[in-house]
Amino acid sequence: MSTLFPKLSSSQQRFLRDLFPGSGALLAPEELVGFAGDASQKQALPGAVVRPVEEAQLRELLRWAHLERVPVYARARATNKVGQTVPVRGGVVVSFLRMNRVLDIDPQDFVAVVQPGVVTAQFQQELESRGLFYPPDPASVKISTLGGNVATCAGGMRALKYGVTRDHLLGLRAVLPGGEVLALGSRCHKDVSGLDLTRLLAGSAGTLALFSELTLKLLPRPETSASALVGFAGFPDALEAAAAVFHAGLLPAALEFMDSVTLEALAAEFGRHDDAEQYSWLREAGAALLFRLDGSRAAVDAEMQTLERAVSRGKPVFLESATGADEEPLWEVRRAISPSLFHLAPDKSGEDVAVPRGRVLEAVQGLHAIGRELGLRTACFGHLGDGNLHANILFDRARGQAEAARQAKSKLFGLVLSLGGTLTGEHGIGLSKKEWMADQIGPAEMDVMQRLKAVFDPHGIMNPGKEWA
Amino acid sequence: MSRDKDERGPECILCGKCLSACPLVEATGQEELAPRSKVRLADFLQEQPGTLDEQDAARLASLCLGCGRCARVCAQGLEPARTVAGLRAAHPGWRQWLWKQWIDRASTLWPLARRSGGMLDRAPLRSLARRPEPGRLGLLLKSLQGLDRCPMRAYVSLREAPEPMEVLARSGVDAQAPDVAGGWPGPSIQSGADLAQGVLLFSGCAGQHLRPEWDAKARSLLVALGWRRTHAEFACCGSTLGTAGLLAEQHTARERNLEIWRAGGRGLVVAYCASCLNGLWAYVQEPELFVDGREAALWRERVVPLARLLKFGRFMVSDDAPEVAGYHRPCHVCGADHDAALLRTVLGSRLRELPDRCCGFGGPLRLADPALADAVARRRVADLAGLPQVLTGCTACALQLAASAPEQTTTGHWLDIFS
Ligand SMILES: Cc1cc2nc3c(=O)[nH]c(=O)nc-3n(C[C@H](O)[C@H](O)[C@H](O)COP(=O)(O)OP(=O)(O)OC[C@H]3O[C@@H](n4cnc5c(N)ncnc54)[C@H](O)[C@@H]3O)c2cc1C
Ligand code: SF4
Ligand code: SF4
């Protein structure tokens, strides 16, 4: 039974203990169990865990692992949903929880330098009091790290206006297998010297290098924000309203949508609350949009008026707007979606596919058609503004629907790719979508990716078994 | 796994939300101590029996402060601290181990005597340290902490208070007797004005044995409010016993306390320690303790924080009060924080609420791994810099803060500032 734990040789164990003294190295089986899984719920046990506190340790570690051909799995808070931190080939897990210092916040350069283990929301809070702003806001912002966000190129609600994590990364220090350090990018907001390896590493999911330091771009904090939650009779009306908003020249900071099944789940959830009356519209609407505008107070007021006029094109059945702290209840509805779906079925599989913005209607209707064909309910919500859908297949494992759900997932991916979309807009490929990757990425592209990987990591020790590696 | 979801109960989905809530992770960066890791380890022991050394696994999983912060963020409704308690309870060697730690550590850790006030009668504590007795576990743990600090100077007095019936109405405590067809055993149920005439004061182990002045103040405040107290000798609230995995002892303590409550006509039980209150309210999680659901609901309703009644008074703050007083919110505050509300009323702009962090008391972790508990305590201490005074509403936090605060900061239960 103890073979469950991949074993390192005693000299390898000694090496790790010397390099990471005290509680810096874990080798006891019971201590390793907590490092087996991530939010994908997949699991595999590592041979050891180490906790660096500085770059020099990472260099030594990767020099050694490169020589010894030991697999290395970077791990921050393990909130990724696709198995990117699961040590499927044993080896060493590198926990970044102790590299969590903010090294510099510079309001003149509009730049911050951080270690990768800083929790994103804590960093944003530190900026706020100085009138600064780091926009990327994955829903996991309070529980995930800047390093994890960069390694997955995390998106978020504000991606529509501000872009994803990659767009806010100016540079980084990355340790390569063999121990060499790349100092990439600079504190300049524009920099086109050489190939853009900084952007290449953003989203590399621990397969190319370990980050020891990140240089991030900051913005001035917008003075205020306002949100509007709008219900429509059906999804086509909602899309027409969204198009009218863009047509009016507005670029909201966020634009989320919810389809009729999503609203049904929310109605079941909020129907149980004391203030259920307030949410009666959830039963009347067949689709909803949630907008957020931000900027100076004068601009936000004016834009909100334009927005309210524009959405009238979709003949809304419900509209509520709010500013500042009062926006929270509106976003509460958005945050409640994921758990609410369990009112409709005990199991769900959620896929973060993306399609070109003009194909969203086809994607949503296509998903529902797949569900009908296989006798399953499906719900769709997500970031309408950038075509990134959370397509949810609802099922009941106990009633033997797991296989149908799997088929639905495969069909969904086929549909999305036929619309010119992608398997994943945010969460990545990891283990969960590896088997479909070749459906999207052709042999020539895959070959270049693999050759690139070999340049960084000739022995394939970095996060092996994932993505294309 | 073939069992269906309802049968299995909620499962950990490894989402990682609880990592950000756990003071141990924050203080140490050690993910093996995280709630998620504890839950995983407990599951692993079941799924793969014989793979791990159970002793080592149980020891690791039990490194927990019992603060309950993880449960508050878990969307799956899991309570890792209960998982830990279950592991402790199930582990055959745990009890012996605990008593061994008691004997070994208590005599060396206690008394800390960092700054002797010379006022404490240590004799009963010495015998406590030598004699393991489950019901005294909470007392022992608290006695390890901060007893050598001088008590605080009082600077607040209660000037006026509304009539008890008005206080009941304004505080929203339900004064009606429930309609129990067929009746419940015991004397008839108190309601209305009777509630104020037979209040039971729940002193907790600290108030009874370590800081009797807290109990004295609580008693005189009740008198000043116009409430009459009925003498009651409650057992331990049971929370320390529960987190220590001494579930049978916890059950016995709970039964005893409920008997006392019933004998008094199921009136108000007033307590001044957030952890005791949390421990008392948690009885409803054990439905078999009650005659029926309504009795459980009545217990939940009638166990009341002292601050909830006191905050409707009018107070006078003397001129020599400190300019700023910090407030430490105990981890175990459950629902509205009545202590904070009282202090806001009394101290107004003098009150500074500290960032929400654990004090590092840690219950049985104090015996299992005091260094770990101290790592958490140090982070709280860093927040106290420059504050002349820090108050709280939990007796364990008050003692822990007293043990760890810098010399310039006086610390105490808010009762200490009342004359
Ligand atoms: C409730 C919830 C909501 C979510 N919402 C969103 C969302 O809205 N948008 C979104 O994009 N994602 C979302 N996610 C997914 C997840 O939070 C992101 O992928 C996040 O970026 C992962 O960060 P982490 O710190 O947990 O990293 P981990 O999961 O620990 O690691 C992620 C990847 O980064 C690598 N890595 C970590 N640190 C380093 C380093 N220092 N050097 C090199 N590689 C490293 C790891 O090897 C792994 O491949 C959500 C997850 C949850 C549980
Ligand atoms: S919050 Fe709950 S479900 Fe999520 S990892 Fe922690 S214990 Fe598991
Ligand atoms: S009870 Fe507190 S210390 Fe224990 S695991 Fe939960 S958050 Fe951490």
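Peptides A:222-232, A:245-255 ranked from most to least packed by the mean count of surrounding Cβ atoms within 10 Å: A:222-232, A:245-255. Summary of the geometry: segment A:428-449 and segment A:206-223, compared by the centres of their Cα atoms, lie 26 Å apart.
For the segment B:20-30, counting C-beta atoms of other chains within 10 Å of every residue's C-beta and taking the mean gives 4.
Using a cutoff of 8 angstrom between alpha carbon atoms and counting only pairs six or more residues apart, the relative contact order for chain B works out to 19 percent. Look at the stretch A:31-44: the mean tally of other chain Cβ atoms within 10 Å of its residues' Cβ atoms is 6.
In this structure, the amide hydrogen of A:Phe211, modeled 1.01 Å from its nitrogen in the peptide plane, lies closer than 5 angstrom to those of A:Val175, counting only residues at least 5 positions away or on a different chain. In the protein assembly as shown, helices alone account for a calculated mean residue ellipticity at 222 nm of -11000 deg cm²/dmol, with every DSSP H run of four or more residues adding -39,500 (n - 2.57). Note on B:Arg72 and A:Arg406: with the Förster distance fixed at 51 Å, the Cβ-Cβ geometry gives a FRET efficiency of about 0.90. Treating each Cα of segment A:186-316 as one equal point scatterer and applying the Debye formula with no solvent, the log10 of I(q)/I(0) at q = 0.10 Å⁻¹ comes out as -0.54.
Our summary gives segment B:11-91 a relative contact order of 35 percent, counting only alpha carbon pairs under 8 angstrom and 6 or more residues apart. Close amide H partners of A:Val111, meaning residues 5 or more places away or on another chain with modelled amide H under 5 Å apart, are A:Asp106, A:Leu218. Plugging the Kirkwood radius over Cα pairs into Stokes-Einstein for the protein assembly as shown, at a temperature of 10 °C and a viscosity of 1.306 mPa s, what D comes out in µm²/s? Once the numbers are plugged in, D ends up at 53 µm²/s. Histogrammed with a bin width of 20 Å, the alpha carbon distances of chain A distribute as 23, 53, 23, 1 percent, first bin at zero.
Peptides A:460-466, A:444-450 ranked from most to least packed by the mean count of surrounding Cβ atoms within 10 Å: A:460-466, A:444-450.
Assign one of three labels to segment B:159-318, namely rounded, prolate or oblate, based on the Cα gyration tensor with a ≥ b ≥ c the square roots of its eigenvalues; rounded applies when a/c is under 1.5, prolate when it is not and a/b is larger than b/c, and oblate otherwise. Oblate, since a/c reaches 1.5 and b/c is not below a/b. Taking 18 Å as the straight-line reach from the Cα of A:Lys190, the lysines in range (excluding those fewer than 8 positions away in the same chain) are A:Lys217.
When only Cα pairs below 8 angstrom with a gap of at least 6 residues are kept, chain A shows a relative contact order of 15 percent. Bridging of A:Lys453 to lysines at a Cα separation below 21 Å is possible for A:Lys433, A:Lys434, A:Lys466, once same-chain residues fewer than 8 apart are set aside.
The overall shape of chain B is oblate: from the C-alpha gyration tensor, with semi-axes ordered a ≥ b ≥ c, the ratio a/c is 1.5 or greater and a/b is no larger than b/c. Ordering A:178-190, A:343-355, B:392-404 by mean Cβ neighbour count within 10 Å, with the highest value first, yields B:392-404, A:343-355, A:178-190.
Coordinate-derived values only; no laboratory data. On a predicted model such as this, the values are computed, not experimentally measured, just so you know. So basically every Cβ, Gly included, is an ideal-geometry build from the backbone, and we count neighbours across all protein chains shown.
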